[in-house]
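Working notes, structure below.
The values are calculated or read from the model by the stated rules, or taken from the named source; none is laboratory data. Keep in mind that this is a model prediction, so the values were computed, not measured. Neighbour counts are summed over all protein chains in view; Cβ atoms, including those assigned to glycine, are modelled from backbone coordinates with ideal geometry. Accessible surface is based on the protein model in full, side chains and every heavy atom, while ligands, DNA and RNA are left aside. Shrake-Rupley method; radii C 1.70, N 1.55, O 1.52, S 1.80 Å.
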Amino acid sequence: MARQAKIARKTKETSIKVNLNLDGKGKYEIHTPVPFMNHMLELFARHGLFDLTIHAEGDTAVDFHHTIEDVGICLGKAFEKSLQDKRGIVRYGHASIPMDESLAQISVDISGRPRLIFHADLPKEKVGNFDLELAEEFFRAFSNHIKATIHINLIYGDNLHHILEAMFKAMGRAMDQATALDQRNPMVPSTKGTLE
């Protein structure tokens, strides 16, 4: 059965459509009004080997917060829907990714228990016109709606663009591992028999 999902969300603040194929080749078409976020999501898709289409509009005249958070919500829902009952998945994923002087480590447990641990002391600054604090908001929204425990640790780094690039690449690789099908175990990977 194809592990794919389509999600559409429309509020007074945003309008977002996401198409996801977990078993893709890293093809992407990302269109949001936040160019830096487009770049980060392209990295996520390419390094996770997910086929991903995102079309988003939002009230960016206010700021980018609603758009970034709602993209995280929709992407999390798309993963959660495409995983169905999570039967046969590896469940856990981990990646440690360098980007020049920066190193980010991400560990994922698709447990049914949403929790984000974000250990990255990022300054209240911008990369281009992107507020760095919105990265944590995106990852929290994603974690809450895929219903996964995600630990993000910035080990070190100086260049803010490199730091976020390492994080999004690591997230792609960790999610690829966690969502992969385990050929040895076709069951739900839990002694409870469910991941809800």
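At a glance:
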| read-out | value |
| --- | --- |
| Filtered residues of the stretch 154-194 (kept if at pLDDT 95 or above and among the hydroxyl-bearing types (Ser, Thr, Tyr)) | TYR156, THR179 |
| Evaluation of HIS47 against (1) touching an Asp or Glu at 6+ places or on another chain (Cβ under 9 Å); (2) crowded, with 23+ Cβ neighbours inside 10 Å; (3) within 16 Å of ALA178 (Cα to Cα) (one fails), failing number | (2) |
| Residue list for the stretch 13-35, restricted to those being outside any loop (DSSP other than H, G, I, E, B), surrounded by 14 or more Cβ atoms within 10 Å (Cβ to Cβ) and not charged (D, E, K, R) | THR14, SER15, ILE16, VAL18, ASN19, LEU20, ASN21, TYR28, ILE30 |
| Selection from the stretch 29-79 of residues that are β-branched (Val, Ile, Thr) and touching a Gly at 6+ places or on another chain (Cβ under 8 Å) | THR32, THR67 |
| Members of the stretch 97-115 found to be modelled with pLDDT under 95, open to solvent by less than 20 Å² (accessible area, probe 1.4 Å) and in contact with a strand residue (DSSP E or B) (Cβ under 7 Å, 6 or more places away or on another chain), listed by number | SER111 |
| Selection from the stretch 77-120 of residues that are without any contact (Cβ under 8 Å) to a residue 40 or more places away in the chain and either among the small types (Gly, Ala, Ser) or not in a strand (DSSP E or B) (or both) | ARG113, PRO114 |
| Any chance GLY72 is open to solvent by less than 60 Å² (accessible area, probe 1.4 Å), more than 20 Å from LEU22 (Cα to Cα) and in contact with a helix residue (DSSP H, G or I) (Cβ under 6 Å, 6 or more places away or on another chain) | no |
| Residue in the stretch 44-53 that is touching a strand residue (DSSP E or B) at 6+ places or on another chain (Cβ under 6 Å), of a type in the set (Val, Ile, Thr) and under 22 Å from HIS162 (Cα atoms) present | no |
| Restricting the stretch 116-154 to residues that are of a type in the set (Val, Ile, Thr) and surrounded by 14 or more Cβ atoms within 10 Å (Cβ to Cβ), the residue that is nearest to ALA78 (Cα to Cα) | ILE146 |
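Quick grid of which residues meet (1) closer than 15 Å to PHE44 by Cβ; (2) touching a helix residue (DSSP H, G or I) at 6+ places or on another chain (Cβ under 7 Å):
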{"position": "ASP85", "(1), (2)": "no, no"}
{"position": "VAL90", "(1), (2)": "no, yes"}
{"position": "SER111", "(1), (2)": "no, no"}
{"position": "ASP121", "(1), (2)": "no, no"}
{"position": "ILE152", "(1), (2)": "yes, yes"}
{"position": "ILE155", "(1), (2)": "no, no"}
{"position": "ALA180", "(1), (2)": "no, no"}
{"position": "PRO186", "(1), (2)": "no, no"}
